[in-house]
Amino acid sequence: MDSSFELQLMSPHSPLGALRVQSVKVEAWNGQIGILPGHCDTVVRLSSGVAELVLADSKETVYYYLGGGVLEVISGVVYLLCELVQSTSEIDKSRAEEAEKRALERLAQTTRRDIDIMRAQQALRRAQARKKLLEIDSSR
């Protein structure tokens, strides 16, 4: 069995194209999922979160923020079709912190009828995932 596989990473705003990887870890709506060579065909709905890719040629681990989407495995090829893909260089730390603060303030006001709790929770997940990606990058 091959020790790597093709990953097609795509979004409307940043077509990153094909990569050869050893593994992929992403946040699905029901938890984290890891993909290794030989994974069975599947379709998984993605949540906003950090994607961890281990590149086949250099064995380097690279990270991206994925803003939701779909992961699909077909005949050994993994497709990440994402609403948004960002590298650490594209994330503004102060903006992520401000978004997290706003979401937490909204969630603290759940007794108000005009607060959309689901939307505030999603905003909080997005902000926290971006901050997590920046923390991973700064610890390397």
Spot the failing condition for residue 78; the list is (1) in contact with a helix residue (DSSP H, G or I) (Cβ under 9 Å, 6 or more places away or on another chain); (2) surrounded by 14 or more Cβ atoms within 10 Å (Cβ to Cβ); (3) not in a helix (DSSP H, G or I), and only one is missed.
-> (1)
Counting only residues that are more than 11 Å from residue 80 (Cα to Cα), surrounded by fewer than 16 Cβ atoms within 10 Å (Cβ to Cβ) and among the hydrophobic types (A, V, I, L, M, F, W, C), how many does the range 1-24 have?
-> 1
In this structure, does residue 68 turn out to be in the same structural domain as residue 16 (by TED's automatic domain parsing) and without any contact (Cβ under 8 Å) to a residue 24 or more places away in the chain?
-> yes
Any chance residue 27 is exposed (fewer than 15 other Cβ atoms within 10 Å of the Cβ) and either under 11 Å from the mean Cα position of the chain (by Cα) or not aliphatic (A, V, I, L, M) (or both) = no
Those residues of the range 95-110 which are surrounded by 12 or more Cβ atoms within 10 Å (Cβ to Cβ) and of a type in the set (A, V, I, L, M, F, W, C) amount to 96, 99, 103, 104, 107
Pairs with Cβ under 6 Å, 6+ apart, first in the range 38-64 and more than 26 Å from residue 123 (Cβ to Cβ) and among the basic types (Lys, Arg), second modelled with pLDDT under 95 and outside any strand (DSSP E or B) = none
Residues in the range 5-16: is at least one under 30 Å from residue 123 (Cβ atoms), among the hydroxyl-bearing types (Ser, Thr, Tyr), at pLDDT below 95 and not in a strand (DSSP E or B)?
-> yes
Residue, modelled with the highest pLDDT, within the range 60-88, restricted to residues that are under 15 Å from the mean Cα position of the chain (by Cα) and small (Gly, Ala, Ser) | 69
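The values are calculated or read from the model by the stated rules, or taken from the named source; none is laboratory data. For clarity, every value in this text was computed on a predicted model and none was experimentally measured. So basically every Cβ, Gly included, is an ideal-geometry build from the backbone, and we count neighbours across all protein chains shown.
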